Amino acid sequence: MDQALKTRWPMTEQDQRISEAIARDEFRLRSFIRRRVPDRSDAEDILQDVFYELVEAYRMMKPVEQVTAWLFRVARNRIIDLFRRKQREAARMEPDSHTEDSDAQSLEELLPAPNAGPDSAYARKVLLEELNLALDELPPEQRDVFVAHELMGYSFKQLSEEYGVGVSTLISRKHYAVKHLRERLGDIYEEFRDR
């Protein structure tokens, strides 16, 4: 039956490229997203959004040259969008909440504004890419806690219930993640801040 359908309605070259890209990159892309997004349904939503954008790019006659790199870039952007949305939701839910460190700033406050000109946009892009690379260097337990707590706004109590690990263990994991990220990103942050 599949052969009959293919004969009656042959796929266009464009459809064929999209199908091949999805078949080739779906597993790696899903793994990439799941390492950064602890909630399985959020991760699946992002994966579907990425593939939808691929189809839309081809529909709008904007063929993608390096499909795999493009898919991962779009996935990274969707993950960052999710982090921002979760931060805004957490801020609305707890407007008077304070962290243990009164000098702590959100990631959004530390990054250059995206609409402050080309230099700021470039600095922001480089810093986010370096952050992603530094997060990839962390052990999975540290990365997951850092991303979920710091970027997505989950409380340690929520994470403790989800992972079945004590709050003190989660705090320790985040501490080591922050220490690594400060060491790894300190120089590049200072370089861009002094410009």
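Assuming a ≥ b ≥ c are the square roots of the Cα gyration tensor eigenvalues, decide whether the stretch 12-97 counts as rounded (a/c under 1.5), prolate (otherwise, with a/b larger than b/c) or oblate. Judged from the Cα gyration tensor, the stretch 12-97 comes out prolate (a/c at least 1.5, a/b above b/c).
Based on the Cβ-Cβ distance from residue 182 to residue 84, what FRET efficiency comes out when R0 is 22 Å, to the nearest 0.05? Don't skip to the answer; put the middle values down first.
Details: r = 22 Å, r/R0 = 0.99.
About 0.50, to the nearest 0.05.
Among 174, 157, rank each residue by its count of other Cβ atoms within 10 Å, from fewest to most, as a rough exposure measure.
Details: 174 21, 157 10.
So the ranking, lowest neighbour count to highest, is 157, 174.
Quick note: the coordinates plus some simple rules give every number you see, no bench work behind them. From a predicted model like this one, the values you see are computed outputs, not experimental measurements. When we count neighbours, we look across all protein chains shown, and the Cβ atoms used for this are built from the backbone with ideal geometry, even at glycine.
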